[in-house]
1. Sort through G288, G293, G254 and tell me the only one that's out of contact with any strand residue (DSSP E or B) (no Cβ under 9 Å at 6 or more places or on another chain) and small (G, A, S).
2. Do we find that G105 is free of Cβ contacts under 8 Å to residues at least 40 places away in the same chain, of a type in the set (G, A, S) and open to solvent by 20 Å² or more (accessible area, probe 1.4 Å) in this structure?
3. Among the residues of the stretch 169-176, is any open to solvent by 40 Å² or more (accessible area, probe 1.4 Å) and either at positive phi or basic (K, R) (or both)?
4. Check G62, G27, G52 and return the single one that is small (G, A, S) and in contact with a strand residue (DSSP E or B) (Cβ under 8 Å, 6 or more places away or on another chain).
5. Any residue in the stretch 229-246 that is under 15 Å from the mean Cα position of the chain (by Cα) and not acidic (D, E)?
6. For the stretch 4-17, does any single residue satisfy the condition of being in contact with a helix residue (DSSP H, G or I) (Cβ under 9 Å, 6 or more places away or on another chain) and farther than 28 Å from L253 by Cβ?
7. Given the condition under 30 Å from Q312 (Cβ atoms), modelled with pLDDT of 95 or more and not hydrophobic (A, V, I, L, M, F, W, C), answer yes or no: does some residue in the stretch 207-217 qualify?
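The values are calculated or read from the model by the stated rules, or taken from the named source; none is laboratory data. As the structure is a prediction and not an experimental result, all values here were calculated from the model. Because the Cβ atoms are built from the backbone with ideal geometry, glycine has one as well, and the counts that use them run over all protein chains shown. Only protein heavy atoms, including side chains, enter the accessible area calculation; ligands, DNA and RNA are left aside. Shrake-Rupley method; radii C 1.70, N 1.55, O 1.52, S 1.80 Å.
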Amino acid sequence: MRDTTLEALAESLRASPGFAHKRDIEGVLPALRGAAPSGVAIGDDCAAIPDGDGYLLFAIEGFLNQFVEREPWFAGYCGVMVNVSDIYAMGGRPTAVVDALWSRGGEAATPVLEGMAAASFAYGVPIVGGHSNRRTDREQLSVAIVGRARRLLTSFDARPGQHLVAAIDLRGRFQEPYAYWNASVGASPERLRADLEILPTLAEDGLAMAAKDISMAGVVGTALMLLECSGIGAVIDVDLVPRPDGVDLERWLGVFPSYGFLLGVDDAHLDAVLARFAARGIACAAIGRTEAGSAVTLRRGAERVALWDFEQEAFIGCSEERNRGGNHA
């Protein structure tokens with residue numbers, strides 16, 4: 001990978017399917033503005049609705065038909081797992097999930113349902129209902145989740161001068177042929193749950209206010225979403241991103257990990273945050289610095305390349321959400 005220039009890496013990221021999927025959000029947000037109540041911004045990992053002394057968290061995930069067709073058990077498992085990750089990324093704890101499953105008749109839907117049940121057991125989150133239709137020509141899946149947070153982590157609360165911290169569970173493997181790093185299936189439920197509990201405790205202990213789970217846009221694309229929502233820029237050192245030995249950097253920067261989070265962390269709290277992830281065996285490192293402005297720069301050794309400027313081109317278009325007042329604490 002050292003033979004690939006940083007400019008070529010930046011071009012590869014801009015052209016990646018993960019970036020393209022997230023950029024589609026920009027075309028959806030304008031139609032929804034005005035539909036959300038005041039104080040609830042759209043564009044974070046979950047909707048965070050003020051409720052009593054905390055927040056009700058609400059999220060949903062849908063899955064590509066091709067993925068459900070090729071990996072029905074794993075698609076069902078992911079239906080629960082990725083929603084659980086969204087709740088924890090907001091500093092919350094999950095309460096329950098529901099699903100909507102369209103399928104052919106007979107036993108076609110069984111692997112999907114078995115995968116959901118396995119993840120429900122692994123993460124300790126009950127499936128409490130949903131919707132089914134067994135008279136369609138293929139399997140289609142979406143899963144929704146609710147949870148609660150006492151104090152929020154959000155995409156809207158990173159500030160200039162913070163460390164951009166990446167925490168990724170490297171104890172896994174690629175779910176070939178996908179750009180997916182699976183550190184969940186086969187791990188003990190106790191470990192999975194305790195690893196995720198780091199996030200709400202960071203929020204409740206005041207060690208972080210900004211976070212986002214690393215999605216199909218990869219670590220850099222997820223950073224762009226976090227930074228745009230917070231209205232700031234950053235310099236990201238790609239060599240500092242935690243990755244497994246022997247894995248190509250370009251492939252790794254596009255990976256969707258089963259456990260991966262980005263956080264904005266102040267100098268005073270950096271050591272404590274790193275120590276909490278390290279105590280659970282999770283690779284964690286400060287991979288860059290946030291800064292005032294709208295530019296995001298990649299760095300590698302002496303090389304520096306401009307990746308994105310939100311003033312020139314929106315990424316997911318969440319700047320208006322920040323201006324109208326969002327769901328951040």
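1. On the way: G288 fails: out of contact with any strand residue (DSSP E or B) (no Cβ under 9 Å at 6 or more places or on another chain); G293 fails: out of contact with any strand residue (DSSP E or B) (no Cβ under 9 Å at 6 or more places or on another chain).
Of G288, G293, G254, the one residue that is out of contact with any strand residue (DSSP E or B) (no Cβ under 9 Å at 6 or more places or on another chain) and small (G, A, S) is G254.
2. Working: free of Cβ contacts under 8 Å to residues at least 40 places away in the same chain: yes; of a type in the set (G, A, S): yes; open to solvent by 20 Å² or more (accessible area, probe 1.4 Å): yes.
When the stated conditions are applied, G105 passes them.
3. Of the residues in the stretch 169-176, the ones open to solvent by 40 Å² or more (accessible area, probe 1.4 Å) are 170-171, 173, 176.
Now restrict to residues that are either at positive phi or basic (K, R) (or both): 171, 173.
So far as the stretch 169-176 goes, yes, one or more of its residues are open to solvent by 40 Å² or more (accessible area, probe 1.4 Å) and either at positive phi or basic (K, R) (or both).
4. Details: G27 fails: in contact with a strand residue (DSSP E or B) (Cβ under 8 Å, 6 or more places away or on another chain); G52 fails: in contact with a strand residue (DSSP E or B) (Cβ under 8 Å, 6 or more places away or on another chain).
Criteria check complete, one pass: G62.
5. Taking every residue of the stretch 229-246 in turn, at least one turns out to be under 15 Å from the mean Cα position of the chain (by Cα) and not acidic (D, E).
6. The answer is no, given that none of the residues of the stretch 4-17 is in contact with a helix residue (DSSP H, G or I) (Cβ under 9 Å, 6 or more places away or on another chain) and farther than 28 Å from L253 by Cβ.
7. yes
Here is a yes/no grid of residues against (1) under 21 Å from S12 (Cα atoms); (2) buried (at least 21 other Cβ atoms within 10 Å of the Cβ); (3) at pLDDT 95 or above:
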position: I236; (1), (2), (3): yes, yes, yes
position: P242; (1), (2), (3): yes, no, yes
position: Y259; (1), (2), (3): no, yes, yes
position: D267; (1), (2), (3): no, no, yes
position: A272; (1), (2), (3): no, no, yes
position: A283; (1), (2), (3): no, no, yes
position: T290; (1), (2), (3): no, yes, yes
position: R300; (1), (2), (3): yes, no, yes
